[in-house]
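> My questions will all concern the structure given below.
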Amino acid sequence: LIADDNQDAATTMGWILEAKGCDVVVVEDGPSALKAVENFSPDLILLDIGMPGMNGYDLCIALREMPELEHSVFVAQTGWGQPSHIKRSQEAGFHHHLVKPLDMGDLMPIVDEVRQLKSRLSS
């Protein structure tokens with residue numbers, strides 16, 4: 001699941017992840033992300049922090065309360081990279097904090113981690 005109000009960036013990231021074999025749902029805001037997980041249980045959740053309305057911190061907290069997402073890996077993807085932002089993302093429940101523009105060299109090890117976790121959980 002990718003939630004980002006920059007639709008061009010989110011769509012491009014979705015295409016890249018689909019090319020890597022992932023099933024992807026792209027939404028542009030927090031409420032749409034909450035609605036998407038009613039029918040889609042993502043293993044990896046990429047959330048922009050600076051979305052209008054419901055920011056990525058609040059969205060992460062809301063999604064982490066859902067039992068079906070207990071094993072999902074949450075990644076903050078944001079232009080905000082100060083230590084205070086990283087600390088706040090950890091407090092909200094993010095597993096990783098990546099600063100935009102995302103480097104695929106930083107993201108792909110996380111995708112691999114998610115695949116390994118999913119493999120262990122399904123065995």
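> With Cβ to Cβ distances under 13 Å as the rule, what net charge do the other residues near D23 carry (K, R +1; D, E -1)?
Net charge in that neighbourhood comes out at +1.
> In debye to the nearest 20, how big a dipole does the stretch 57-123 give about its Cα centre with +1 on each Lys and Arg Cβ and -1 on each Asp and Glu Cβ?
80
> Something else: Under a 1.4 Å probe, what is the accessible area of the stretch 13-123 per residue, stated in Å²?
The answer is 55 Å² per residue.
> Still on this structure, I have one more. For A9, what is the net charge nearby, where nearby means another residue's Cβ is under 12 Å from its Cβ and Lys, Arg count +1, Asp, Glu -1?
Net of charged neighbours comes to -4.
> I would also like to ask the following. For every helix of n ≥ 4 consecutive DSSP H residues, a contribution of -39,500 (n - 2.57) applies; sum these over the chain, divide by its total residues, and give [θ] at 222 nm rounded to the nearest 500 deg cm²/dmol.
Roughly -14500 deg cm²/dmol at 222 nm, from the helical runs in the chain.
> Can you list residues whose amide H is under 5 Å from H97's amide H, if they're 5+ apart or on another chain and H is modeled 1.01 Å from N?
Those qualifying (amide H under 5 Å, at least 5 residues apart or on another chain) are A76.
> In nm, give the distance between the simple-model label positions of E113 and F40, each being 7 Å from the Cα along the Cα-to-Cβ direction.
Taking the two extended label points, one gets 2.2 nm.
> Here's something else I'd like to know. Once the mean 1/r over all distinct Cα pairs of the stretch 34-79 is inverted, what Kirkwood radius in angstroms do you read off?
10.8
> Another question about this same structure. Near S122, within a Cβ-to-Cβ distance under 14 Å, what is the net charge of the other residues, with Lys and Arg +1 and Asp and Glu -1?
Within the 14 Å Cβ shell, the charges total +2.
> Same structure again: Compute the separation of the alpha-carbon centres of the stretch 97-123 and the stretch 23-37 and state it in Å as a whole number.
19
> So what are the chain's ellipsoid semi-axes, whole angstrom, largest first, if each one is the square root of 5 times an eigenvalue of the alpha-carbon gyration tensor?
19, 16, 15
The values are calculated or read from the model by the stated rules, or taken from the named source; none is laboratory data. Treat the numbers as computed from the prediction; the structure is a model and nothing was measured. Cβ sites come from the backbone with ideal geometry, for glycine too, and all protein chains shown count toward neighbours. These accessible areas exclude ligands, DNA and RNA; they are computed on the full protein's heavy atoms, side chains included. Shrake-Rupley method; radii C 1.70, N 1.55, O 1.52, S 1.80 Å.
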